[in-house]
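Below: the structure, in structure tokens.
The values are calculated or read from the model by the stated rules, or taken from the named source; none is laboratory data. Since this is a predicted model, take the numbers as computed values, not measurements. Quick reminder, even Gly has a Cβ in these numbers, built from the backbone with ideal geometry, and neighbours come from all protein chains shown.
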Amino acid sequence: MTWLDIIGSTVLAGAVILAVIGLNFLFTDSTRNFGSDLRTQENMVALTERIQWDFAKIGYRVTNGKRILVSKSDTLMFAGDMDNNGTVDTVKYFKGSTSTRSNTHNAKDFLLYRVSKTDTMKLNEGLTRFDLTYFDSTGASTLVPGKVRGLKIQARIESPDTLSNGQYSGTYWENTIYPRNLNLTR
């Protein structure tokens, strides 16, 4: 065996080792990106399930006509029998500020709060958009609580940390809901 064979074998072994290390970095990065995408999607599913459950009960068993109490683009307060116990509850959804999220790198994320008589819930990690639009019986936009018959929710969730490309993993959801108990004639 010559020195040339030894040097050639060393160079070839080095190339193979570098290729394996590069593949390992690529695999680690892909796994991290996949995990981030999965977390944002799971967070969105949890948020949408909660919103659809609650918003479907807007006005349920309300007899005084005051079903929607506050209707702003970032706040919704409504009445309804949320736990089907015969007692009308009041629930308020509102956006927190971005300054309350100091434990993430994403400067745009905030918490969504759900406040009821019994508890206050901080909903969702990574929410970067939560907008509400309200509609009257003709389909026109309105902010008058007594005229609201439907509402559109727009939400975006992003990962708390950037991906390897410097972007945030994100998912978007939009839905228009016409709760049964708002479509009553007065």
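Restricted to strands (runs of 3 or more DSSP E) entirely inside segment 65-137, those with at least 3 residues that are aliphatic (A, V, I, L, M) and on the phi < 0 side of the Ramachandran plot are 68-71, 75-80, 110-115, 120-135. Among the charged types (D, E, K, R) and surrounded by 18 or more Cβ atoms within 10 Å (Cβ to Cβ) - does that describe any residue in segment 127-137? The answer is no, given that none of the residues of segment 127-137 is among the charged types (D, E, K, R) and surrounded by 18 or more Cβ atoms within 10 Å (Cβ to Cβ). Within segment 84-99, the residues that satisfy the criterion of being out of contact with any Lys or Arg (no Cβ under 9 Å at 6 or more places or on another chain) and without any contact (Cβ under 8 Å) to a residue 12 or more places away in the chain are N85, S99. Whenever a residue of segment 28-45 is in contact (Cβ under 8 Å) with a residue 40 or more places away in the chain, its partners that are of a type outside the set (D, E, K, R) and loosely packed, with under 15 Cβ neighbours inside 10 Å, lying with C-beta atoms within less than 6 angstrom and at least six residues away or across chains, give the pairs D29/S164; N33/L163. Scanning segment 144-171 for residues that are assigned to a strand (DSSP E or B) and either loosely packed, with under 13 Cβ neighbours inside 10 Å or free of Cβ contacts under 8 Å to residues at least 40 places away in the same chain (or both) turns up G150, K152, Q154, R156.
Selection over segment 27-55 of residues that are under 14 Å from the mean Cα position of the chain (by Cα) and among the acidic types (D, E) gives a count of 3. Of the conditions (1) of a type in the set (V, I, T); (2) surrounded by fewer than 15 Cβ atoms within 10 Å (Cβ to Cβ); (3) at pLDDT below 95, T98 clears all except one; give me its number. Here T98 clears every test but (2). The condition (being part of a helix (DSSP H, G or I) and either of a type in the set (A, V, I, L, M, F, W, C) or exposed (fewer than 15 other Cβ atoms within 10 Å of the Cβ) (or both)) is satisfied by just one residue among V45, V62: V45. Any residue at all in segment 16-32 that's closer than 16 Å to L151 by Cβ and of a type in the set (A, V, I, L, M, F, W, C)? No; the residues of segment 16-32 include none that is closer than 16 Å to L151 by Cβ and of a type in the set (A, V, I, L, M, F, W, C).
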